Amino acid sequence: MDIVTIIIALALIFIAWKVLMGIVKFGAIILIVVAAAWFLTQGGFA
């Protein structure tokens, strides 16, 4: 499930990059990366 989480995070980052603008874009990307890292350290879906 680690690969799935990374793929979902990359898809969300791509959407944020296309849709959002300015500082909000980078804030959203950082939030997605932190959330994915936290999710992976917690053991994913298990």
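We did not get these values from a lab; they are worked out from the coordinates using the rules stated. None of these values were measured; they are calculated from a predicted model. For neighbour counting, all protein chains shown are included, and Cβ atoms are generated from backbone atoms with ideal geometry for every residue, glycine included.
Quick notes on this structure:
- Among the candidates Ala36, Ala11, residue that is touching a residue at least 12 places away in the same chain (Cβ under 8 Å) and not hydroxyl-bearing (Ser, Thr, Tyr): Ala36
- Residue within the range 3-19 that is among the hydroxyl-bearing types (Ser, Thr, Tyr) and in contact with a Leu (Cβ under 8 Å, 6 or more places away or on another chain) present: yes
- Scanning the range 10-46 for residues that are part of a loop (DSSP other than H, G, I, E, B), among the aliphatic types (A, V, I, L, M) and exposed (fewer than 11 other Cβ atoms within 10 Å of the Cβ) yields Met21, Ala46.
- Unique residue being touching a Phe, Trp or Tyr at 6+ places or on another chain (Cβ under 7 Å) and not charged (D, E, K, R) when the list is Thr5, Thr41: Thr5
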